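The values are calculated or read from the model by the stated rules, or taken from the named source; none is laboratory data. Worth saying up front: this structure is predicted, and the values here are computed from it rather than measured. As a convention, Cβ positions derive from the backbone with ideal geometry for all residues, glycine included, and neighbour counts pool all protein chains shown.
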Amino acid sequence: MKRILPILSVFLLISTTIFAQKPAKLTSNQIYEKVQKLNFLGTALYIAAHPDDENTRLIAYLANNVKARTGYLSLTRGDGGQNLIGPEIRELLGVIRTQELLAARRVDGGEQLFTRANDFGYSKHPDETLEIWNKNEVLSDVVWAIRTFKPDVIINRFDHRTPGTTHGHHTSSAILSVEAFDKVGDKTQFPEQLKYTETWQPKRLFHNTSSWFYRDKEKFEEIAKDFTKFDIGVYYPLKGLSNNELASMASSQHLCQGFGRLTTRGEQTEYAEFLKGDKPKDKNDIFSGINTTWNRLENGGEIGDILYEVEEKFDFVNPSKHLPMLLEAYQKIQKLQDNHWRKIKEKQILDIIEACAGLYLEVSAESSSTSFNSTINLDFEVLNRSEAKISLDAIEIFPSNNGEGVIGRNINLTNNRKINFKESISIGKVNYTSPYWLNDKATLGMYNVENQNLIGKAETPRLVKVDFILSINNQKIFIRKEVVRRYAERDKGEIYEPFEILPKVTTKLKDKVIIFSDDIPQKVLVEVRAGENNVSGKVHLKVPTNWYVSPKEINFTIQQKNDKQTVEFLVNPPKNQSEGKLEVIATSNGKNFTKELVEINYNHIPKQSVLLNSEAKIVRLNIEKVGNNIGYIKGAGDTVPDNLRQIGYTVEEINPLEINAENLQKYDAIVLGIRAYNVVKELKFKQKYLLAYVKNGGNMIVQYNTNRGVDVAPPFPLQLSRDRVTDEFAEIRILDKNNSLLNFPNKITPKDFKGWVQERGLYFPSSWDANYTPILSMNDKGETPKNGSLLIAKYGKGNYIYTGLSFFRELPAGVSGAYKLFANMLSVGKGK
């Protein structure tokens with residue numbers, strides 16, 4: 001029996017990472033590990049800048065080997081990166097990466113925290129980072145995280161002493177951590193926080209270093225003799241996994257960043273350099289000298305006497321035999337004077353009691369969402385799978401169910417006899433369950449969150465919950481469960497989804513940017529979605545001055561919840577170039593609804609419902625184009641094909657497997673999406689056909705690829721680098737003013753680079769063959785000119801263009817000059 005428990009544990013671990021929505025169902029091994037963790041009263045906080053910066057090896061080691069409560073504070077949600085699994089960028093990408101971090105923590109055993117810092121893209125120096133971020137506000141959030149999480153030990157991923165050697169966000173995370181370490185215990189620093197928490201002073205601060213930071217392995221090995229060392233390859237028999245295997249599985253949750261990886265095993269050393277505080281006497285134990293036993297707390301010793309015995313004599317075959325001692329310890333934990341540890345240990349021991357009793361408690365809604373002032377039916381399932389004497393005394397539904405409060409049940413739960421019943425709940429006016437940090441307009445560097453108690457939380461707290469009020473061996477306990485939606489589909493099996501509070505009406509525009517390449521009116525379609533049955537009302541568009549819409553408003557009637565109705569408006573642009581914002585406003589029963597519902601649904605994270613303003617940027621362009629039929633080979637995911645269709649191109653997405661010598665000839669130009677050579681393996685076999693297409697007179701545009709282990713196989717040599725220009729306002733200097741790229745069919749000047757977002761471009765070639773002509777020069781402040789952002793070469797009868805300019809950001813943002821320049825690239829060679 002005991003031999004198969006580790007295997008079952010691994011299966012459960014893997015299955016919950018694939019189907020992240022499903023609740024954990026603990027094996028005896030996992031219960032025992034939770035008991036071990038219950039008996040360790042020490043906390044570590046790891047601090048870095050982004051999702052994927054965290055060292056999952058060290059987090060897993062601290063959480064699973066040391067048994068410490070371990071958190072990862074990511075200053076940002078990774079909104080500024082790219083997405084390898086779908087089209088979402090910016091705030092929607094931040095939602096995905098938030099959930100991927102939570103998925104990683106479910107694997108490695110850590111907890112997840114954030115600040116309000118907005119990942120605005122690559123930054124070359126912390127001075128720039130801390131200027132764009134509001135340094136004082138982000139520092140406040142780091143202090144808040146430390147005061148509320150109360151770590152004994154803080155570990156920085158990056159070195160605060162080396163500004164300019166890595167991403168500015170990275171160094172800034174360390175700078176802020178070091179500064180916060182000296183402020184968290186001072187009542188005069190951020191005193192407004194002390195209404196909700198108290199000061200705290202961590203014992204010590206480390207830097208999780210390695211030879212990578214020193215760039216000299218021999219020098220590092222000499223210095224590292226004084227550092228704390230961990231063998232993070234330790235093996236966990238209860239899991240059937242080594243720590244580094246566990247860490248690999250955790251980091252593989254970052255799928256939108258392409259972090260899926262092989263697991264690793266065996267001895268592996270991590271290092272921590274002591275920076276500040278009380279230096280540990282045992283340099284290889286970061287908790288050395290810190291009391292991490294129950295004796296740390298007043299009257300904690302008697303709790304420890306009980307729980308250490310449970311750990312020592314744990315029965316893997318019949319964990320329920322420990323219920324009397326666990327309930328006794330729970331009673332004593334409730335009386336602890338230390339509020340911080342009482343809350344943590346109450347939750348931990350309740351999870352253990354529930355698992356030891358074999359309790360299954362679930363509340364499933366009839367639908368995955370509801371709206372204000374509505375009633376929804378709930379299905380309850382209650383099951384006792386032990387011989388313990390358990391009764392369900394009552395339930396209490398939150399928010400209060402029509403003011404009824406506690407609903408008595410008085411049901412004896414006999415072994416393995418399932419109890420099902422129904423209740424309904426009325427939802428009044430409460431907050432929507434969209435990601436809280438997106439509720440208000442953000443700045444380039446910061447999200448706007450006014451509620452102090454929300455700052456730092458990974459997700460919006462779920463509003464609809466149920467307290468199961470039970471008696472176990474005549475002792476009353478309360479176990480809280482969130483309402484979920486559980487159902488099955490024949491081709492997928494059992495599915496769990498979060499239960500959401502969403503608007504009665506949402507609307508959606510097909511495009512976030514609507515381009516008018518001339519003054520001809522365009523149809524604009526608005527999709528209206530019902531959040532409940534029998535919804536009716538009117539919808540209208542709000543447009544800038546000199547733009548006109550007809551009709552003024554359109555009625556809609558939708559009978560069924562989640563059904564949609566599409567209405568059609570005609571939008572007339574002005575004669576001259578103009579841009580502004582188009583807003584959709586739906587009205588029902590005298591109330592305005594202005595939100596779009598975006599649903600994000602990937603297998604490795606729970607389904608996400610995000611509410612954004614239902615609006616689009618509208619742009620009237622004076623643009624010319626030559627050539628119409630474009631072939632597009634998608635890479636890591638972008639919306640460029642749709643953006644090109646908006647200005648009148650016919651864009652066909654090419655399946656790389658189907659490329660041959662004949663089927664490319666029909667295209668006026670072929671465009672490769674971002675990072676195509678990084679992610680589309682078939683291209684290395686199809687490159688000969690693409691180059692032949694160019695040689696025979698075709699026009700081929702290759703957008704940026706990362707320089708790590710990639711061969712873009714160009715017609716003439718070029719060397720990719722990490723060169724980038726992160727300042728979207730950087731001066732643009734024209735190197736070849738007579739080149740057709742800048743003159744046909746549109747005249748391009750430096751003015752066309754106004755309004756660019758996030759960056760100029762990235763991963764520019766740093767050297768190239770003489771056959772290439774560089775077109776533009778640009779650089780960030782204090783750097784040498786970067787001339788590789790846009791290269792063109794004549795190859796045979798055709799033209800080959802390589803560009804690191806960030807068109808994948810600029811076109812979705814409706815940047816007029818980016819559209820004109822892209823049209824010119826597509827038109828190369830087609831002038832007289």
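Figures for the structure shown
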item	result
Tabulated pairs, region 122-147, first without any contact (Cβ under 8 Å) to a residue 40 or more places away in the chain, second among the hydrophobic types (A, V, I, L, M, F, W, C) and assigned to a helix (DSSP H, G or I), C-beta under 6 angstrom, 6+ apart or interchain	none
Gln331 surrounded by fewer than 16 Cβ atoms within 10 Å (Cβ to Cβ) and under 30 Å from Thr70 (Cβ atoms)	yes
Test set (1) within 26 Å of Leu741 (Cα to Cα); (2) acidic (Asp, Glu); (3) touching an Asp or Glu at 6+ places or on another chain (Cβ under 7 Å) - Glu583 fails condition number	(1)
Flag for Leu73 being crowded, with 20+ Cβ neighbours inside 10 Å and either at pLDDT below 95 or touching a Gly at 6+ places or on another chain (Cβ under 6 Å) (or both)	no
Any helices (runs of 4 or more DSSP H) falling wholly within region 66-177 and containing at least 3 residues that are of a type in the set (Gly, Ala, Ser)	91-108
Residue in region 780-789 that is assigned to a strand (DSSP E or B) and within 34 Å of the chain's Cα centre (by Cα) present	yes
Odd one out for Val95 among (1) crowded, with 20+ Cβ neighbours inside 10 Å; (2) touching a Phe, Trp or Tyr at 6+ places or on another chain (Cβ under 9 Å); (3) modelled with pLDDT of 95 or more	(2)
Filter pass, Ile85 being of a type in the set (A, V, I, L, M, F, W, C), surrounded by fewer than 22 Cβ atoms within 10 Å (Cβ to Cβ) and closer than 29 Å to Lys781 by Cα	no
Verdict on Val710 being in contact (Cβ under 8 Å) with a residue 24 or more places away in the chain and farther than 22 Å from Asn824 by Cα	yes
Pick from region 521-538, criterion small (Gly, Ala, Ser) and assigned to a strand (DSSP E or B), ranking: nearest to Leu502 (Cα to Cα)	Ala530
Odd one out for Arg90 among (1) out of contact with any strand residue (DSSP E or B) (no Cβ under 8 Å at 6 or more places or on another chain); (2) in contact (Cβ under 8 Å) with a residue 24 or more places away in the chain; (3) not hydroxyl-bearing (Ser, Thr, Tyr)	(2)
Close pairs from region 659-680: first within 17 Å of Asn629 (Cα to Cα), partner among the basic types (Lys, Arg), Cβ under 8 Å, at least 6 apart	Ile659/Lys686; Asp668/Lys830; Gly673/Lys634
Any pair with Cβ under 6 angstrom, 6 or more apart, that starts in region 799-824 at a residue that is at positive phi and ends at one that is among the hydrophobic types (A, V, I, L, M, F, W, C) and not in a loop (DSSP other than H, G, I, E, B)	Gly814/Val513; Gly814/Val619
Among residues of region 439-462, those that are among the hydrophobic types (A, V, I, L, M, F, W, C) and farther than 20 Å from Leu113 by Cα, counted	1
Exclusive hit being in a helix (DSSP H, G or I) and either closer than 17 Å to Lys476 by Cβ or at pLDDT 95 or above (or both), set Glu309, Glu298	Glu309
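Residue by residue, here is whether (1) surrounded by fewer than 13 Cβ atoms within 10 Å (Cβ to Cβ); (2) under 22 Å from the mean Cα position of the chain (by Cα); (3) among the aromatic types (Phe, Trp, Tyr) holds:
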| site | (1), (2), (3) |
| --- | --- |
| Ser426 | no, no, no |
| Pro435 | no, yes, no |
| Lys441 | yes, yes, no |
| Met446 | no, yes, no |
| Asp467 | no, no, no |
| Glu489 | yes, no, no |
